[in-house]
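The values are calculated or read from the model by the stated rules, or taken from the named source; none is laboratory data. All of these numbers come straight from a predicted model, not from anything done at the bench. All Cβ positions, even for glycine, are placed from backbone atoms using ideal geometry, and neighbour counts span all protein chains on display. Keep in mind that these areas ignore ligands, DNA and RNA; they rest on the heavy atoms of the full protein, side chains included. Shrake-Rupley method; radii C 1.70, N 1.55, O 1.52, S 1.80 Å.
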Amino acid sequence: MSLTIGNPAPDFELLNQHGEKISLASFKGEKNVVVLFYPFAFSGRCTGELCAIRDDLSAFQNENVQLIAISCDPMHAQRAFAESEGYKFPILSDFWPHGTVAKAYGVFEETRGCAIRGTFVIDKVGILRWQVVNGMGDARNIVDYKAAISAL
């Protein structure tokens, strides 16, 4: 399934690394949202990408933008991952029902049971404004994300 730019982004509600419910709708009217799917907590490329974002967090999370990272790992793994790397943004668990949100965004890899590298920029109204989906082993280009966010 592929999402269409200009259409509403699928809403979701998942638990973050602290067990708190976070929904896309909770940011409606308040902030643009960057939804970033990644395959696995603690894997090399995923850790590197999220650490690069952590080190430049103000470009991805500020008074106008909220960053949300999602994988199909369980909440407790997400918490250990976020704490070990010092992530100051929500790390959400799409563990059960397994991959439901990743499936809604068209980034669930059935054979491996994980999300692939998809990034979605959603405006304050809840409309999808930009997206890119990379393969499992393909790193993201953070410069592209910054350009998409600044275009909002």
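Tabulated results
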read-out	value
Distance in nm between pseudo-label sites at Val132 and His98 (7 Å out along the Cβ direction from Cα)	3.0 nm
Region 1-150 - percent of accessible surface contributed by carbon and sulfur, probe 1.4 Å	53 percent
Angstrom value of the Kirkwood radius, inverse mean 1/r, which spans all Cα pairs in the chain	15.1 Å
Note, ³J(HN,Hα) from phi for region 91-97, Karplus 6.51, -1.76, 1.60, rounded to Hz, x at Gly and Pro	10, 9, 9, 9, 6, 9, x
Over 21 Å (Cα to Cα) - which of Lys31/Lys103; Lys31/Lys146; Lys21/Lys88; Lys103/Lys124 fall in this group	Lys31/Lys103; Lys103/Lys124
Mean accessible surface per residue for region 4-81, computed with a 1.4 Å probe while every protein chain stays in place, in Å²	44 Å²
Per residue value of the accessible surface for region 104-152 (all protein chains in place, 1.4 Å probe), Å²	46 Å²
Beta bridge orientation in region 1-69: antiparallel %, DSSP, nearest 5	40 percent
Highest-MSF residue in the chain out of Pro97, Pro39, Pro74 [GNM, Cα springs under 10 Å]	Pro97
Net lengthening on full extension, Thr4/Lys88 (0.36 nm per residue, minus Cα-Cα)	27.3 nm
Expected 222 nm ellipticity per residue - DSSP helices of 4 or more, -39500 (n - 2.57), all of the chain, to 500	-6500 deg cm²/dmol
